[in-house]
1. Note down the nm distance, to one decimal, between modelled labels 7 Å out along Cα→Cβ at T322 and at M26.
2. Compute the relative contact order of the chain as a whole-number percentage, counting only Cα pairs closer than 8 Å that sit 6 or more residues apart in sequence.
3. Please give the helix 241-275 orientation as an angle from the longest Cα principal axis of the chain, in degrees from 0 to 90, rounded to the nearest 10.
4. What is the calculated FRET efficiency for H17 to D158, with r their C-beta to C-beta distance and R₀ = 56 Å, to the nearest 0.05?
5. When the Karplus curve 6.51 cos²θ - 1.76 cosθ + 1.60 is applied with θ = phi - 60°, which whole-Hz ³J(HN,Hα) does each residue of the range 30-37 get, with x for Gly and Pro?
6. Just grab the label-to-label distance for E45 and N150, each label 7 Å out from Cα along the Cβ direction, in nm (one decimal).
7. Let me check against my output: what whole-number percent is the relative contact order of the range 241-386, with C-alpha pairs under 8 Å and at least 6 apart?
8. Using alpha carbons only, how many angstrom separate the centre of the range 56-74 from the centre of the range 309-332?
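The values are calculated or read from the model by the stated rules, or taken from the named source; none is laboratory data. No experiment lies behind these values; they were computed from the predicted model shown. Heads up, the Cβs are rebuilt from the backbone with ideal geometry, glycines too, and the neighbour counts pull from every protein chain shown. The accessibility values were calculated without ligands, DNA or RNA, using every heavy atom of the protein model including side chains. Shrake-Rupley method; radii C 1.70, N 1.55, O 1.52, S 1.80 Å.
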Amino acid sequence: MNTQDSNLNPLDLFDVHSEFSDEEHMVQDSVARFVDDQVIPMMREAFEQHQFPHELVPMVADLGLFGSSIDGYECAGLNSICYGLICQELERGDSGLRSFVSVQSSLVMFPIHAYGSEEQKQRWLPAMSRGEAIGCFGLTEPHGGSDPSNMKTRAKRDGDDWIINGSKMWITNGTIADAAIVWAMTDEGVKGFIVEKDMPGFTAPEIENKFSLRASVTSALFFDDVRVPAANVLPGATSLKAPLSCLTQARYGIAWGVIGAAQACLDEVIRYSADRILFNKPLSHTQTIQIRLADMARRITTAQLLALQLGRLKDRDRLSPTQVSLAKWNNCRAALDIARDARDILGGSGISAEYVPIRHMLNLESVITYEGTETIHQLVVGKELTGANAFG
Ligand code: TGC
Ligand code: FAD
């Protein structure tokens with residue numbers, strides 16, 4: 001944390017922290033400690049090595065961060081502000097780790113909890129909460145992720161079973177998942193299936209050579225006549241609305257998470273510009289740099305206040321997907337712009353992994369794309385304002 005003579009925290013100029021309850025403070029502080037002590041020291045190497053840090057999984061589980069919003073099934077039952085703060089602190093470390101937790105919590109445990117049978121919940125949720133089972137979420141297909149209604153992966157009934165054929169692309173955790181929540185078109189509309197890693201005909205190769213989210217596993221999923229028993233169909237998921245409702249949960253977490261990445265960049269660049277002497281004075285004493293730092297603080301503050309209100313609406317069960325779209329769009333754009341500008345203020349050092357902005361910047365290129373691209377979220381808000389659907 002940067003210290004200055006003022007009482008204001010440069011990373012929280014509007015003291016949003018004071019709005020949180022004791023429980024929310026406790027959750028934020030414990031995740032922050034974990035990120036400072038365990039995550040940050042290893043993330044640079046994990047990113048450089050293109051390796052997901054598996055050793056963090058039991059620690060994340062011990063902190064109760066998987067499925068933290070779920071009540072019961074060995075989950076923590078925390079409120080939405082707590083979930084947001086968890087994402088924010090994790091992403092201050094690295095977007096790849098936040099992605100891992102987002103997928104497990106919002107895209108795998110959430111649909112099992114919301115749409116699964118009691119037997120599915122008992123089988124998967126406690127194991128996932130303990131980090132003993134890992135999940136992934138397969139919605140995007142190679143021909144175009146923005147329009148999941150044009151889904152080509154198909155499931156056909158065969159007696160009591162279903163046979164799945166098709167493929168998914170860009171799937172976080174795919175290669176390391178024990179269970180994949182797979183969305184497929186059927187004669188009865190879109191359904192959700194729990195595909196288990198050893199089911200014959202199912203493969204999940206890792207996508208190599210990424211320049212973004214290098215500490216996260218991203219995979220393709222292939223289904224070649226995969227036979228899935230009826231017991232693995234999510235009974236409550238009966239249309240595209242089911243996977244889209246999962247996206248709302250994950251996008252909510254991202255709107256909070258990216259604030260952490262932006263804070264890490266601003267923190268770094270405030271320190272760097274104070275120490276860097278150019279033309280006989282610290283870089284931070286120039287008007288242009290101060291304007292750029294002030295602009296970063298403005299964007300972070302706006303993002304924090306948006307996220308806070310979003311969380312309050314969610315906890316009152318009054319959240320609309322349009323509000324989540326606006327926040328995901330605004331906060332990802334803010335974080336990416338901050339990371340890019342922070343990289344530039346560092347000059348040549350900005351391209352070195354010794355400083356955090358370039359890693360956050362590269363990660364945020366994925367974060368602004370996945371869970372709905374910026375354009376998709378702009379069009380969701382446009383539809384809300386005009387009543388006209390510009391997607392069709
Ligand atoms: P549309 O006709 O608008 O909607 C169909 C039904 O679904 C409802 N709905 C939603 N419900 C909850 N949450 C949402 N976000 C919802 N969006 C729509 C809608 O009300 C309707 O309900 P009903 O009762 O009328 O049937 O559907 P559309 O086909 O026109 O699509 C709209 C569009 C373009 C917004 C949607 O397709 C979309 O969001 N596209 C982007 C796809 C996307 O974001 N994919 C993300 C894949 S997962 C991922 O990226 C994980 S990254 C993981 C990590 O963190 O590492
Ligand atoms: P496309 O849909 O082909 O879009 C290409 C471009 O066209 C974009 O710029 C887009 O904004 C623009 N565009 C689209 N529609 C319009 C329009 N109507 N008007 C104007 N422009 C438009 N998916 C999952 O299902 N599960 C995961 O776990 C997952 N993890 C991911 C992890 C990573 C690292 C990445 C990069 C992606 C992940 N995704 C995942 C996929 C992600 O959701 C998609 O990449 C995203 O939805 C965009 O789909 P696309 O890549 O096919 O791009």
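1. 3.9 nm
2. Relative contact order, the chain: 18 percent.
3. Result, in degrees: 20.
4. Efficiency for this residue pair is about 0.50.
5. Karplus values, whole Hz, x for Gly and Pro: 5, 6, 4, 4, 4, 5, 5, 7.
6. The modelled label-to-label distance comes out at 4.5 nm.
7. Relative CO of the range 241-386 lands at 32 percent.
8. 23 Å
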